[in-house]
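Here's the structure, in structure tokens; my notes come after.
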Amino acid sequence: MQRRSFVAAVAAACVLVSGAAQAQSYRSEYRLSTTLGTAFTWGQAGERWIELVKEKTQGRINIKIYSGNSLVGGDQTREFTAIRQGVIDMSIGSTINWSPQVKELNLFSLPFLMPDYKAIDSLTQGEVGKDLFAILEKREVVPLAWGENGFREMSNSKRPIASPADMKGMKFRVVGSPLYNETFSALGANPTQMSWADAQPALASGAVDGQENPLSVFVAAKLSTVGQKYLTLWHYVADPLIFVVNKQVWASWTPADREAVRQAALQAARENVEKSRKGIAGNDNAVLKQIEAAGVTVTNPTNEQRAAFVQATRPVYEKWTKTIGVDLVKKAETSIAKR
Ligand code: X2X
């Protein structure tokens, strides 16, 4: 054999061997964690990501969805740590659920920071979104795309709420970032932190009076059937969803497959944002109509009434701005003002 063709043959063999080693390092299944299941747009985003990845990698990457945060015993605030540790390979997670570990993600929970959908987009699709992804990368996860849970509205079983005074002493289930405890305390209510898994029985039994979640969740979880008869559209915060992959898992894939997973995430996320806003955003109020048809009284605070909620929660906003980072919050405010 000529020297040149020998070298070529050795090189070709190396490619084959490394290709085989690569294929062997792929697992037969990867675990994708979500909080809400496939009855919700969130879980449907997971299904869609899985389907697109399978298609784009010709079946090389197979993923199974574990909703209800079942890989962390239903405790959504432990999800981020479990992704880093490799207990979870991939996730579509809410900024709220990861904010106990990634303090900057509390940005989206600052009360009344984002007045409308354009404001959310100006953050996730702009410089702020890039900064947050860079922060996540430093925390050893690979962020790929922004999805959406939605604007979180407040419901309760007791009475219509149009002012902080109406909330006085009312027991609210809140999610696991301490910022929510402080916000509801500032409004005069009595917040209790619990997981989504515990929230529904607590609402059903009357252990808590109210909760806050996007309208799409309110409808899909049929919260009107667990006594939630009053709904206030105050749009005080919104939680984006983030599509991520564990760093070691990401590194184990070929560059082409990584790109396929990224493109699949971007597409699934785009579709997810659209779906999460359907019937809710702009002039489309089909979801609200559905809620009213279920006998729920909807309160839409006037600008003046809304201002009272803003004012009462302002100290919380200011305190948490320091925790999140003054520069990041300034950047977010500027980007929203320019939207
Ligand atoms: O627990 C909630 O309220 C939920 C489902 O919206 C989140 O995971 C943030």
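The values are calculated or read from the model by the stated rules, or taken from the named source; none is laboratory data. As the structure is a prediction and not an experimental result, all values here were calculated from the model. Please note: Cβ atoms are built from the backbone with ideal geometry, for glycine as well, and neighbour counts cover all protein chains shown. Side chains included, ligands, DNA and RNA excluded: accessible areas come from the protein's heavy atoms. Shrake-Rupley method; radii C 1.70, N 1.55, O 1.52, S 1.80 Å.
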Checklist entry - So which residues in the range 203-219 are within 14 Å of the ligand (Cβ to nearest atom) and either within 17 Å of G295 (Cβ to Cβ) or surrounded by fewer than 18 Cβ atoms within 10 Å (Cβ to Cβ) (or both)? => result L203, G210, L215, F218, V219
Checklist entry - Can you spot a residue in the range 159-172 that is within 13 Å of the ligand (Cβ to nearest atom) and either open to solvent by less than 20 Å² (accessible area, probe 1.4 Å) or in contact (Cβ under 8 Å) with a residue 60 or more places away in the chain (or both)? => result yes
Checklist entry - Considering only the range 106-128, how many residues are in a helix (DSSP H, G or I) and in contact with a strand residue (DSSP E or B) (Cβ under 7 Å, 6 or more places away or on another chain)? => result 4
Item to check | Residue satisfying all of: in the range 29-52; within 16 Å of the ligand (Cβ to nearest atom) and assigned to a helix (DSSP H, G or I); most open to solvent (accessible area, probe 1.4 Å) among these | outcome: Q44
Checklist entry - Restricting to the range 156-180, what's the tally of residues that are in a strand (DSSP E or B) and under 20 Å from the mean Cα position of the chain (by Cα)? => result 2
Item to check | Top-ranked residue in the range 90-105 [being outside any helix (DSSP H, G or I) and either of a type in the set (A, V, I, L, M, F, W, C) or buried (at least 24 other Cβ atoms within 10 Å of the Cβ) (or both); ranked as farthest from the ligand (Cβ to nearest atom)] | outcome: M90
Checklist entry - Just wondering, is there one or more residues in the range 134-146 that are touching a residue at least 24 places away in the same chain (Cβ under 8 Å), open to solvent by less than 10 Å² (accessible area, probe 1.4 Å), outside any helix (DSSP H, G or I) and touching an Asp or Glu at 6+ places or on another chain (Cβ under 9 Å)? => result yes
Item to check | the range 264-321: number of residues that are open to solvent by less than 80 Å² (accessible area, probe 1.4 Å) and either in a helix (DSSP H, G or I) or of a type in the set (D, E, K, R) (or both) | outcome: 28
Next on the checklist: Just checking, does the range 241-252 include any residue being free of Cβ contacts under 8 Å to residues at least 40 places away in the same chain and either of a type in the set (V, I, T) or in contact with a strand residue (DSSP E or B) (Cβ under 7 Å, 6 or more places away or on another chain) (or both)?
Outcome noted: no
Checklist entry - Looking at this structure, is F151 without any contact (Cβ under 8 Å) to a residue 60 or more places away in the chain and within 16 Å of the ligand (Cβ to nearest atom)? => result no
Next on the checklist: Pull out all pairs, ordered by first then second residue, where Cβ-Cβ is under 7 Å, the residues are six or more apart or on different chains, the first lies in the range 28-39 and is under 10 Å from S70 (Cβ atoms), and the second is away from the ligand (no atom under 11 Å from the Cβ) and acidic (D, E).
Outcome noted: R31/D89
Checklist outcome for this item: Filtering the range 53-78 down to residues that are more than 25 Å from S25 (Cβ to Cβ) and either part of a helix (DSSP H, G or I) or touching a strand residue (DSSP E or B) at 6+ places or on another chain (Cβ under 7 Å) (or both) yields N69, S70, V72, Q76, T77, R78
Item to check | Subset of the range 221-243 (residues that are open to solvent by less than 10 Å² (accessible area, probe 1.4 Å) and over 21 Å from the mean Cα position of the chain (by Cα)) | outcome: Q228, L231, T232
Next on the checklist: Go through (1) buried (at least 21 other Cβ atoms within 10 Å of the Cβ); (2) part of a helix (DSSP H, G or I) for D131 and report which single condition fails.
Outcome noted: (1)
Next on the checklist: Restricting to the range 182-196, name every residue that is open to solvent by 50 Å² or more (accessible area, probe 1.4 Å) and either closer than 11 Å to V208 by Cα or within 16 Å of the ligand (Cβ to nearest atom) (or both).
Outcome noted: N190, T192, Q193
